[in-house]
Amino acid sequence: MPNTLVAAAVMAGVLAGSAQAAPTAPTMTERELFVSICTPRMSARLAKQPELICGCLHDNAVSRIEDSELRLALIRGVEETGVPSIQYAWVPNKSHERVIETLDKVAAPTLACMFGPR
């Protein structure tokens, strides 16, 4: 759980364009951060190329969610469960009505990334 909070704080900074890193420290892109969070969980689920699957998930599912709170909840879902998921407790009440819509939007791309196109 603490990793999620750190990742969320970093993602919020990256998304806002105000991440303040030391000038010599390399800054991770949102995609690189997502892949680093996703890969350990995906390795446990699927042995085949977890980095490629996680990159695909970011590019085709997670990055398409415009609402930053819902996107962070999806990332938390990947970190905690290994797949894009959202629990209502992870998003403010105002976003609850968009949770199902968001999950519907990422379902097909998630399956295609993990198991290939159908």
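Return yes when Val78 is β-branched (Val, Ile, Thr), within 16 Å of Leu46 (Cβ to Cβ) and assigned to a loop (DSSP other than H, G, I, E, B) and no when it is not. Please lay out each step first, then the result.
Details: β-branched (Val, Ile, Thr): yes; within 16 Å of Leu46 (Cβ to Cβ): yes; assigned to a loop (DSSP other than H, G, I, E, B): no.
Here the answer is no, as Val78 does not meet what is asked.
Among the candidates Gly55, Gly77, which residue alone is among the small types (Gly, Ala, Ser) and either within 13 Å of Met114 (Cβ to Cβ) or more than 14 Å from the chain's Cα centre (by Cα) (or both)? Steps first, answer last, please.
Details: Gly77 fails: either within 13 Å of Met114 (Cβ to Cβ) or more than 14 Å from the chain's Cα centre (by Cα) (or both).
Step by step, each of Gly55, Gly77 is checked, and only Gly55 is among the small types (Gly, Ala, Ser) and either within 13 Å of Met114 (Cβ to Cβ) or more than 14 Å from the chain's Cα centre (by Cα) (or both).
With respect to the conditions (1) in contact with a helix residue (DSSP H, G or I) (Cβ under 9 Å, 6 or more places away or on another chain); (2) outside any loop (DSSP other than H, G, I, E, B), Val83 falls short on a single one, namely (2).
Checking each residue in the stretch 33-74 for being outside any helix (DSSP H, G or I), over 20 Å from Val99 (Cβ atoms) and either in contact with a strand residue (DSSP E or B) (Cβ under 8 Å, 6 or more places away or on another chain) or touching a residue at least 40 places away in the same chain (Cβ under 8 Å) (or both) picks out only Leu46.
Among the residues of the stretch 70-94, which ones are hydroxyl-bearing (Ser, Thr, Tyr) and modelled with pLDDT of 95 or more?
To start, the set of residues in the stretch 70-94 that are hydroxyl-bearing (Ser, Thr, Tyr) comprises 81, 85, 88.
Answer for the stretch 70-94, where residues must be hydroxyl-bearing (Ser, Thr, Tyr) and modelled with pLDDT of 95 or more: just Tyr88.
For the stretch 103-118, the condition holds for at least one residue, the condition being that it is modelled with pLDDT under 90, of a type in the set (D, E, K, R) and surrounded by fewer than 12 Cβ atoms within 10 Å (Cβ to Cβ).
The values are calculated or read from the model by the stated rules, or taken from the named source; none is laboratory data. Quantities reported herein were computed from a predicted structural model and do not represent experimental measurements. All Cβ positions, even for glycine, are placed from backbone atoms using ideal geometry, and neighbour counts span all protein chains on display.
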